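S.K.: There's a structure below that I have some questions on.
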Amino acid sequence: MFIKPQKNDKIEIDVSEWNDDVKAYIKPLNGFERLTFNDFFVSFYNKENDPDDRFDAGFRAALLTLVDESDRPLLTETDRNAVRAGSFVPFFRLFNIVLSQYGDASKPLETLKKS
């Protein structure tokens, strides 16, 4: 069987709350990354989770998906404390953009987000 290669269409995302000078993109997610992202999504929006766990889920999602213009990861583990001290708005933006790109597959997650 021939498996079509994945498109490499990055989506630009505004992370100006973290850095005005950096262009950031959300890379396309393969199936495994999408499953992982879904877990991060649920943990991030679950208000019963410990705040540290919620931050970690958002940070892990950003590590997984954000790249620069050359497709290099935008963040590393060394950025954890700086991101934690900054705005969480890019996390919300990230989740909204990724969910909007996956159509019907994200509907159950959007339902969780609203509750």
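The values are calculated or read from the model by the stated rules, or taken from the named source; none is laboratory data. The model shown is predicted, which means the values in this text are computed figures rather than measured ones. For neighbour counting, all protein chains shown are included, and Cβ atoms are generated from backbone atoms with ideal geometry for every residue, glycine included.
S.K.: For the subset of segment 58-79 comprising residues that are surrounded by fewer than 15 Cβ atoms within 10 Å (Cβ to Cβ) and free of Cβ contacts under 8 Å to residues at least 24 places away in the same chain, which member is nearest to the chain's Cα centre (by Cα)?
M.R.: Ranking the candidates gives Pro73 first.
S.K.: Next question, about the same structure. Taking the criterion of being under 30 Å from Ile3 (Cα atoms), in contact with a helix residue (DSSP H, G or I) (Cβ under 8 Å, 6 or more places away or on another chain) and in a helix (DSSP H, G or I), would at least one residue in segment 49-56 satisfy it?
M.R.: no
S.K.: In segment 24-38, what count of residues is obtained for those that are within 12 Å of Phe95 (Cβ to Cβ) and at pLDDT below 95?
M.R.: The total comes to 2.
S.K.: Go through segment 1-40 residue by residue and tally those that are more than 11 Å from Val67 (Cα to Cα), among the small types (Gly, Ala, Ser) and either surrounded by 10 or more Cβ atoms within 10 Å (Cβ to Cβ) or in contact with a Pro (Cβ under 9 Å, 6 or more places away or on another chain) (or both).
M.R.: Summing the residues that are more than 11 Å from Val67 (Cα to Cα), among the small types (Gly, Ala, Ser) and either surrounded by 10 or more Cβ atoms within 10 Å (Cβ to Cβ) or in contact with a Pro (Cβ under 9 Å, 6 or more places away or on another chain) (or both) in segment 1-40 gives 1.
S.K.: Could you pull out the residue among Arg34, Arg93 that is in contact with an Asp or Glu (Cβ under 7 Å, 6 or more places away or on another chain) and assigned to a helix (DSSP H, G or I)?
M.R.: Arg93
S.K.: For the structure I just gave you, tell me whether Val42 is assigned to a helix (DSSP H, G or I), at negative phi and of a type in the set (A, V, I, L, M).
M.R.: So Val42 passes the test.
S.K.: Look at Ala82 and say whether it is surrounded by 13 or more Cβ atoms within 10 Å (Cβ to Cβ), touching a Phe, Trp or Tyr at 6+ places or on another chain (Cβ under 9 Å) and part of a helix (DSSP H, G or I).
M.R.: Spelling it out, it is not the case that Ala82 is surrounded by 13 or more Cβ atoms within 10 Å (Cβ to Cβ), touching a Phe, Trp or Tyr at 6+ places or on another chain (Cβ under 9 Å) and part of a helix (DSSP H, G or I).
S.K.: Report yes if Ser43 is among the polar types (S, T, N, Q), surrounded by 12 or more Cβ atoms within 10 Å (Cβ to Cβ) and touching a Lys or Arg at 6+ places or on another chain (Cβ under 7 Å), otherwise no.
M.R.: yes
S.K.: When you go through Asn81, Asn46 one by one, which is the residue that is modelled with pLDDT of 95 or more and farther than 16 Å from Ile13 by Cβ?
M.R.: Asn81
S.K.: Name every residue in segment 1-19 that is of a type outside the set (A, V, I, L, M, F, W, C) and modelled with pLDDT of 90 or more, in order of residue number.
M.R.: Residues satisfying the conditions are Lys10, Glu12, Asp14, Ser16, Glu17, Asn19.
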